[in-house]
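Below is one structure, written out as structure tokens, with a few remarks after it.
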């Protein structure tokens, strides 16, 4: 009986929170199609009263946005796959019982989370010594291993019953084979999670592009947006009447539109990944 | 034991790697610059285009490639085989990126910088090359499109460390953009003084409760109400080079004396502070002035008076207010007919990094760019496509202006060739012309003085942090002045004292040198 | 050690202790290295798996660390990084000179602690609740919805904050007025802001973190729940006795990971929302924003790097301490 109340509470709580999360986003979406004057008059509003593509036309003008999209998608795809390979194998080793030095390795890995690369050192490494300036690899390589995500995987791997490993060994599998054939399939939930996180990390990054990619044709989406928005804000303080723009730039609308075009692909990716959150992938694996 | 030995090995590896790579890297860093003249000879013979790496802030205009191609073509005709590789960096990240690149020894030939962008520090750290000789030999156009006062006033320690970029000699003083329709409705004639302005604002409060009388474009620096309101007062307090726009240390008129507000509570300034506080309590000043974006509020049509930095009403504000059902006009109390003292300070500079290997070529390029036709090309775009001339000194934009946005302030601005935009109302046109003519200005005694912040860098950093806490709220009337001032004074006074002494010392040295 | 003792030959007398001791040490060290080689050989496949990761860390994380040396130098472009003058701790002075560093450090730690507790707390609650939902479609819908705030940039969030908290037009104030209360000037009331910032942070990131817990919950074998059901337990009891204990490790790991970074504030968030509004600094100014503001007009690289080192070093002390504590409670939850 108590259960019914509890479940009821659960649904209400989650729904209320979800509404709080969704509404602002809905407003951003709707308002990105509003006119700048409408935005000024009413601020953030829920229901569309007028329709205007001004903000989007501005963003898409010049065609830069298409190449930026292409670069972002490429970098995210290659980066995520690469990062998953490097990180998951590394995390597995950190979690494995037989590895004597796993604590030392863990400490050394965590250390890099605290003492990040010094800016000048980092720049010199990538631009001068590795010569990766203005290449797509400058956008991919530096993020292949994120200690935070690695430790999430380590925690998950540690929870996998060791009996599975033992059974595999008895069957004559080597460690690498055990990892690939037996452990990875079971780890689908955490792999989906971390995969999503890496994809987001690559997708959202503008920092690497700012430092290492001067060629605007190789600019990913986020740096293009950042440049646009940052410069827009400055324009209003530069001797206003002397700029050559004779049309008004919908600056607020642009901020909203950029959120929308950024979220696009990821929102498509997320429901696909939700399929991997199926329970009980370990049943039968041990008992059988 | 295992931990230690492993850590030890790791440290050794790290240092070794860093050591070898640094000698490889520093080979590039400490490379000496062979005499420039030799290298230009060889270059001219090889006929290979020299690539100039330029770093500018802002947006890449859509037609930039076309314009640059045309520029390169013209330069080749003139015997200069250059290629311009221009990188645009967002304003907010420009400083960091240039510093990282220059620190890592990257190849940059022309860099944008400005005193408000920590240029003095960069000079103190030895990033830029002194240009006097190079300009004398290769840059005659650059020198003769800038009046002598401008060149003299922008030296650092007597040397020209960057080419000053400017088109006016006096910052337009305090300009207020007000709602003309509201003014007329309330029966006010044109507003001609700060007193009338305050009267107007109180009237707005009384009879139009839905409209907020005042908001500022920015809530910090010299856009805080008190300093802003003094900008058009004759011999009003003006900030110093040490603390920029803060009035804690200030000058008055054409004089080099430094006043310290902590030492003596100047009655004129304090009166204004108390008045502004009263205005805030009376609801004249926007209650969230520290948090809102003033221009946005004004555009919404909810504010009567906005403080701004431009002589005329900017297009976007005019259009927005129009849509909201009102009309905006710009007013200023500045007297534009008498001769004014000016610091001749340039807003921006274009500098050449010390490590550049193409300094001569860079100057040659800028020299070429400072000829009238070439300036027109780079500043406004291709004639007939992006713009058309209106007489000799004005221009009109063709199309909507988005194909080639205007940015000469970033690298080639000079007062002689810069054209005025067509379509300005009479009064503003007169003001523009007035401020571009250097003969309308007398030299301020401190023109040419630049403060080296290095000896008091720590105190300035501390002051900046403390200032951020109290100055804005104090000068905008948001908090109780007595309370804020006590805390402000207690925390900042010792630092300011040290800064003041250093500033006075440097000013004295400067005056002695130049007298 | 024991090996050396065992290999001592018979007949050796007291008269040769020195030789024996150095023999012991060499053998000891040789023993350690042999041990290491043995270990690597024994688990060679595993260490092979770790090679790409290790290579990455070495190249991209450890090598650039030499750049931190700039915090101790007065950088001069002509002299380069190695030729610049060594100034020891001078670059740290500007920060520790006044009293502000205490406030600012406290704010950073305090705000981050609130973020950790409420952020992870709500993420756990959401994950558990989502897991309790029967309808798969509804559950997926909710999951997507709570994830959305993560994508809204801090600039847009600050605009929304203004729309809610503004004195004249803000949603909150208009509601308060309608209910008969007085308006509050939120942007001039520093006391309210730790709560406001925490609420915003939790709203933006709980959905993101809940995914991690959802994955952890998905790994719990359903038979546990089935047998509990047979025993007549209510859902609530199952949560407390099955779900929570089994995701405790994940919670600990996330908390520990966050604790090490407790001296690093979220610059984007605080600067985006609070900006230059000095009225709120007493409770919202963090090390990162303070440093940014103090150095804004100075552009001094060395000073900025010095502050980052301060944050790294303090974080290191903190995590070593916390990790040690967690090890004593539950060895498996510790990071190292």
For the Cα atoms of chain B, what angle does the longest principal axis make with the long axis of helix B:359-369, in degrees from 0 to 90, nearest 10?
-> 50 degrees
Tell me what chain B gives for mean residue ellipticity at 222 nm when only DSSP H runs of n ≥ 4 count, each as -39,500 (n - 2.57), the sum divided by the residue total, rounded to 500 deg cm²/dmol.
-> -13500 deg cm²/dmol
Which percentage, to the nearest 5, of the DSSP beta bridges contained in the protein assembly as shown is antiparallel?
-> 55 percent
Using just the C-alpha positions of region B:318-433 as equal point scatterers, what log10 of I(q)/I(0) does the Debye formula give at each q in 0.13, 0.14, 0.23 1/Å?
-> -0.73, -0.83, -1.33
Counting only C-alpha contacts under 8 Å and six or more residues apart, can you give the relative contact order of region A:56-274 as a whole percent?
-> 34 percent
Rounded to 10°, Cα long-axis angle of helix C:100-114 versus longest principal axis of chain C | 80 degrees
Given the convex hull of the Cα atoms of chain C, what is a quarter of its surface area in nm²?
-> 30.2 nm²
Going by how many other Cβ atoms sit within 10 Å of their own, how do B:416, B:89, C:37 line up, fewest first?
-> C:37, B:416, B:89
Considering chain C as a Gaussian network with a 10 Å cut-off on Cα pairs, which listed residue, C:290, C:225, C:150, attains the greatest mean-square fluctuation?
-> C:225
Mind pulling the angle between the C-alpha long axis of helix A:251-274 and the longest principal axis of chain A? Nearest 10 degrees, somewhere in 0 to 90.
-> 20 degrees
Only bridges with both residues in chain B count here: give the DSSP antiparallel percent, nearest 5.
-> 55 percent
Consider just the alpha-carbon atoms of chain B and return their Rg together with their Dmax, both in angstrom.
-> 25.8, 88
In a Debye calculation with equal point scatterers on the alpha-carbon sites of the protein assembly as shown and no solvent, what is log10 I(q)/I(0) at q = 0.05 Å⁻¹?
-> -0.38
Using just the alpha carbons, could you tell me how many Å³ per residue the convex hull of region A:56-274 encloses?
-> 155 Å³
For region C:45-111, take the alpha-carbon Rg, divide it by the Kirkwood Rh, and send me Rg/Rh.
-> 1.21
Who wins for biggest fluctuation among C:307, C:146, C:287 in a Gaussian network model of chain C, springs between alpha carbons below 10 Å?
-> C:146
In which sequence would C:241, B:444 go, from the one with the fewest C-beta neighbours within 10 Å to the one with the most?
-> C:241, B:444
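Read the figures in this text as sums done on the coordinates, not as results from a lab. Computed from a predicted structure; not experimentally measured. Because the Cβ atoms are built from the backbone with ideal geometry, glycine has one as well, and the counts that use them run over all protein chains shown.
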